[in-house]
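J.: Take this structure first; my questions come after.
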């Protein structure tokens, strides 16, 4: 399901995949996050997704005027999971609202795993 907006010049349609990609990229920029995980958790092993599949770790639900986002992530070992999650929530909400003009009502984080290292991202 996509979100449609009307303007004086025409109609704008933003697909769920675009919202998921924006949310995934915003989350990936957050300190302490190794990357996005697959939404399916099999055999107790979280699959780390590459940037080309970043939206596969994101679920988007549009409920009227509100967008609800579920993120499946892998955090870096040694970081405070609650702080990483809070930072990801704040960043995703801000970026999605700024880029799309949509109201983000909720961002949920599911930590699928913990990994040593930062997934190739530079330390900040």
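J.: Out of all the residues in region 1-41, which are assigned to a helix (DSSP H, G or I) and crowded, with 20+ Cβ neighbours inside 10 Å?
T.: 19, 20, 22, 23, 24, 26, 27, 28, listed by residue number.
J.: Here's another thing I want to ask about it. Is at least one residue of region 49-71 assigned to a strand (DSSP E or B), over 18 Å from residue 2 (Cα atoms) and modelled with pLDDT under 90?
T.: no
J.: Of the residues that sit in region 95-111 and are touching a residue at least 24 places away in the same chain (Cβ under 8 Å) and assigned to a helix (DSSP H, G or I), which one is surrounded by the fewest Cβ atoms within 10 Å (Cβ to Cβ)?
T.: So, considering only residues that are touching a residue at least 24 places away in the same chain (Cβ under 8 Å) and assigned to a helix (DSSP H, G or I), the one surrounded by the fewest Cβ atoms within 10 Å (Cβ to Cβ) is 99.
The values are calculated or read from the model by the stated rules, or taken from the named source; none is laboratory data. Values in this document were obtained by computation on a predicted structure and should not be read as measured data. We place every Cβ from the backbone using ideal geometry, glycine too, and count neighbours over all the protein chains shown.
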